[in-house]
Amino acid sequence: MRFYQSTILEDQSDKSLLELCLSKDSENYGFNLVVRKYQKQIYWHIRRMVINHSDADDLVQETFVKVWRNMKKFRQESSLYTWIYRIATNETLSFLQRKKLKYMIRPGNIESHLAGKLTDDNFFDGNEVQLRLQKALLSLPGKQRLVFNLKYYSDMTFEEMSVVLDTSVGALKASHHIAVKKIEKYLINY
Amino acid sequence: MITKKDKNRDQQSIDPGKNDSPLAKLDKKNPFRVPANYFDELPGRIMAKRRHTGKTSVIEGLMPFFSHPKYQLALVVGSLALVFSVLFIYNPWKADVSDQFLSNITLDDLLRESPEIIAEMENYLFIEILIADQTGEIIYSTGKSLEKDSSLSEEDLINYLKEEEISTELIYEL
């Protein structure tokens with residue numbers, strides 16, 4: 001049944017999904033299909049950035065509510081997939097910024113707070129090496145971590161990333177290169 | 001359209017020696033997990049949240065209406081008209097001039113205390129003072145010199161205005 005469902009979703013092009021969403025008669029059905037098609041990718045994208053499941057759950061819901069509200073304004077200059085990623089990324093970066101400000105007035109920093117959450121989290125079941133990789137990722141500045149995650153886990157091209165992050169391909173490549181070098185250094189030294 | 005070849009080229013341009021990298025030896029397995037049935041229930045929760053937050057206030061409901069430039073202009077013009085209407089009706093400056101300035105201060109006081117104000121007066125204000133002052137005092141110039149004449153008639157006034165080349169229509173406008 002699930003296989004059948006996912007096959008239907010994969011067959012639905014973004015264009016036909018948008019048409020369903022923009023029609024008064026099928027907007028709920030269309031939006032439900034959009035959520036089902038992209039929920040996992042968006043959830044994991046957010047989760048890798050905020051680490052904690054509860055925060056990721058809130059953010060993924062906020063992201064799709066925003067997608068719904070702005071669906072009529074979407075001008076289709078980019079693909080639906082990159083547009084949703086962009087909204088999710090902005091939501092996540094704003095969330096991390098708010099957290100950062102909160103931790104500026106407390107001892108410690110946001111990175112060490114998130115690293116602590118990794119080991120406390122009941123929903124983290126990676127092995128020792130994966131834990132080290134996540135800690136290495138948390139030692140990176142937010143944008144570098146984002147670029148690395150999009151490339152490494154989401155397998156996104158730099159061109160797609162350029163649309164999502166509104167940054168030039170060259171800058172993204174440089175950012176990714178630096179991120180990889182820092183992670184390699186971390187993994188060798190720790 | 002991004003092809004597999006492009007993706008490989010991207011990867012190679014950044015990380016040419018990737019086989020030696022500690023990252024290459026790592027399993028890409030997702031170390032995080034989610035509660036049971038999370039992705040089955042998430043769409044329903046999102047739809048419910050959307051319905052809940054979809055109830056907009058009256059102001060939010062009107063926002064799309066005012067997002068159009070034509071209506072924004074109408075809003076600005078309407079607001080300005082309202083402000084000017086209120087100012088016209090209540091006119092706080094007018095109250096200062098007519099109620100306090102003219103009824104509580106005589107022309108002598110005014111000229112003694114603030115001759116520069118008289119000097120700057122426009123003709124219409126000068127005549128307004130003349131009519132408002134029931135004592136018969138009159139200013140023969142716009143404040144540069146002053147003479148009193150208690151028996152001044154309207155004819156004298158008109159002659160004076162003609163001599164000074166000031167339009168006599170002003171007196172009928174008052």
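The values are calculated or read from the model by the stated rules, or taken from the named source; none is laboratory data. Remember, it's a predicted structure, so these values are computed and weren't measured experimentally. Cβ atoms come from the backbone with ideal geometry, glycine included; neighbour counts cover every protein chain shown. To get the accessible areas, we keep the full protein, side chains included, count just its heavy atoms, and leave off ligands, DNA and RNA. Shrake-Rupley method; radii C 1.70, N 1.55, O 1.52, S 1.80 Å.
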### Task
Calculate what fraction, in whole %, of the accessible area of the range A:126-190 sits on carbon and sulfur atoms when a 1.4 Å probe is rolled over the protein chains.
54 percent
## Note on the structure
Cβ-Cβ cut-off under 13 Å around A:N189, Lys and Arg +1, Asp and Glu -1: the net charge is +4
### Task
Have a look at A:N70, A:N127, A:N90 and tell me which one the Gaussian network model of chain A (Cα, springs below 10 Å) gives the largest fluctuation.
A:N127
### Query
Among A:I188, A:V129, A:F158, which residue has its Cα positioned farthest towards the positive end of the charge dipole of the range A:126-190, with +1 placed on the Cβ of Lys and Arg, -1 on the Cβ of Asp and Glu, and the dipole taken about the Cα centre?
A:I188
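State to the nearest 20 debye the size of the charge dipole of the range A:126-190 about its Cα centre, where the only charges are +1 on K and R beta carbons and -1 on D and E beta carbons.
On the way: 9 positive and 6 negative charges, 71 e Å.
With only Lys, Arg, Asp and Glu charged at Cβ, the dipole is about 340 debye.
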### Task
Please tell me which of these pairs span more than 23 angstrom C-alpha to C-alpha: A:K66/A:K151; A:K181/B:K29; A:K99/B:K29; A:K37/A:K66; A:K185/B:K29; A:K72/B:K49?
A:K66/A:K151; A:K99/B:K29
### Summary
Per the 1/(1 + (r/R0)^6) rule, R0 = 25 Å and r from the Cβ atoms of A:Q76 and B:H52, FRET efficiency to 0.05 is 0.35
### Message
For the ranges A:77-83, A:179-185, A:63-69, what's the packing order if you count other beta-carbon atoms within 10 Å of each residue, average per peptide, and put the highest first?
### Response
A:63-69, A:179-185, A:77-83
### Task
Kindly provide the helix-only [θ] at 222 nm of chain A, computed as the sum of -39,500 (n - 2.57) over DSSP H runs of four or more divided by all residues, to the nearest 500 deg cm²/dmol?
-25500 deg cm²/dmol
## Note on the structure
If one compares the long axis through the Cα atoms of helix A:27-50 with the longest principal axis of the Cα atoms of chain A, the angle in degrees, nearest 10, works out at 10 degrees
### Query
If you count, for every residue in B:32-38, the Cβ atoms of partner chains within 10 Å of its Cβ, what is the mean?
6
#### Entry: Angle between chain A longest axis and helix A:169-189 axis [Cα atoms, degrees, rounded to 10]
40 degrees
### Area hidden from solvent between B and A (accessible, protein heavy atoms only, 1.4 Å, total, Å²)
4100 Å²
### Query
Ordered by packing density, taken as the mean number of other Cβ atoms within 10 Å over each peptide's residues, highest first, how do A:166-174, A:28-36 rank?
A:28-36, A:166-174
### Query
Over all residues in A:155-161, what is the mean tally of Cβ atoms on other chains that come within 10 Å of each residue's Cβ?
4
